[in-house]
Amino acid sequence: MSATRPFTVADVMTRKVVAVLPGAEFKEIVTTMERWKVTAVPVVEGEGRVVGVVSEADLLLKEEFHDHRLGLVEQMRHLDATAKAGSRRAEDLMTSPAVTVAPEASLPQAARLMAAHRVKRLPVVDTSGAIQGIVSRADLLKVFLRPDDDLAAEVRHDVIEHLFPLSRREVEVRVDSGVVILSGTVRDSALIPLAARLARAVEGVVDVRCDLTTQGRT
C-alpha cells in the first residue's frame, strides 16, 4: 500500500561499533564498557564475525560469586554461572551464539527479538555474520522523532490519496507531536476505519484522531 520504503534496522542502527576480541581480559572489557558507556559489547573474530556478546550481567557474576562459596549441589544448579564467574576472557564470559539481527529487518522484528531474548541491544550482521552496527532500544524509538510535517506528508500521500482519490482535497491532515488528526468529508464511509488504521501504521505516528465524515452527514 505504502509507496514509501518502511524503516529498517539499517536506518536507525549505530554504525560505530565498540567490540572486543575473544582473548580480551575481564578488566579490559569492563574498561571498554565504562569508556564508551555501553552495557554490552559484541565479541568478534576474524574479519568482524560476531561470535558472542558480553553483557554487564555476564560480568557481574564474578562479583556475585566472589565471596559466596557454593556447595556441590548449588554449583551443579548454577554450573554455567559459576563457570563464568571463574573466567577472565571474553570467549569464556560471553553469551554464545549471539542474538543478532539483519540490516534489512523491520523495526518491529528487532523489537520482538529484544523482547523475546530480554536484551537491550542487538549486533547487526550481514549474511556472513560480519558486524555492521548495533541497534538498541533507544535506536528503535528514533522514528518517533520524525518531524510532524514529514508524517503529515506521508499520511497524505500513502493513505489519503490512495484511499480517497476523488475526495482527497476535502480531507485535512494535521500532525501535532506525532498525533495525526484527520478531518473533512469523504465519499465512502466504509474506508474511514481503514484510513485510521493505515495512518496509525506509519512509522513515527504516536496516535490517530479520525474526525472524517461522509458527505452529506455529520
Listed by chain and number, the residues whose amide H is under 5 Å from that of GLY52, excluding neighbours fewer than 5 places away on the same chain and using placed H, are VAL43, ALA98
What accessible area, in Å² to the nearest ten, does a 1.4 Å probe give for LEU194?
50 Å²
With θ set to phi - 60° and the Karplus curve 6.51 cos²θ - 1.76 cosθ + 1.60, what are the ³J(HN,Hα) couplings of segment 158-163 in order, to the nearest whole Hz, using x for Gly and Pro?
8, 10, 5, 5, 7, 7
Enumerate the residues in segment 186-218 having an amide nitrogen under 15 Å from the point lying 7 Å beyond the Cα of ASP148 toward its Cβ.
205-209
Going residue by residue through segment 170-179, the Karplus relation 6.51 cos²θ - 1.76 cosθ + 1.60 with θ = phi - 60° gives ³J(HN,Hα) values, rounded to whole Hz and with x marking Gly or Pro, of 8, 9, 9, 10, 10, 10, 10, 6, x, 8
For segment 1-43, run through the trypsin sites (Lys or Arg not before Pro) and keep only the ones in DSSP coil with at most 12 other Cβ atoms within 10 Å of their Cβ.
ARG15, LYS16, LYS37
Long-range amide H partners of VAL180, meaning residues 5 or more apart or on another chain whose placed amide H is closer than 5 Å, are VAL206, ASP207, VAL208, ARG209
Can you figure out the FRET efficiency of LEU166 with ARG5, using R₀ = 25 Å and their beta-carbon distance, to the nearest 0.05?
0.35
Taking H placed 1.01 Å from N in the peptide plane, check which residues at least 5 places from GLY133 or on another chain put their amide H under 5 Å from its amide H.
VAL124
Determine ³J(HN,Hα), in whole Hz, for all residues of segment 104-113 in sequence, where each value follows from phi through the Karplus function 6.51 cos²θ - 1.76 cosθ + 1.60 and θ = phi - 60°; x replaces Gly and Pro.
7, 5, 6, 5, x, 4, 5, 5, 5, 4
Difference of contour (0.36 nm per residue) and Cα-Cα distance, ILE181 to ARG35:
48.1 nm
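How much length is gained on full extension from CYS210 to SER96, taking 0.36 nm per residue of separation minus their Cα-Cα distance?
Details: separation 114, 0.36 × 114 = 41.04 nm, distance 4.75 nm.
Taking CYS210 through SER96 to full extension adds about 36.3 nm, to one decimal.
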Computed lengthening from ARG15 to ARG197, 0.36 nm per intervening residue step minus Cα-Cα distance:
62.2 nm
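The values are calculated or read from the model by the stated rules, or taken from the named source; none is laboratory data. These numbers come from a predicted model, not from an experiment. Cβ coordinates were reconstructed from backbone atoms using ideal geometry, including for glycine residues, and neighbour counts include every protein chain displayed. The area values use the complete protein model at the heavy-atom level, side chains included, leaving out ligands, DNA and RNA. Shrake-Rupley method; radii C 1.70, N 1.55, O 1.52, S 1.80 Å.
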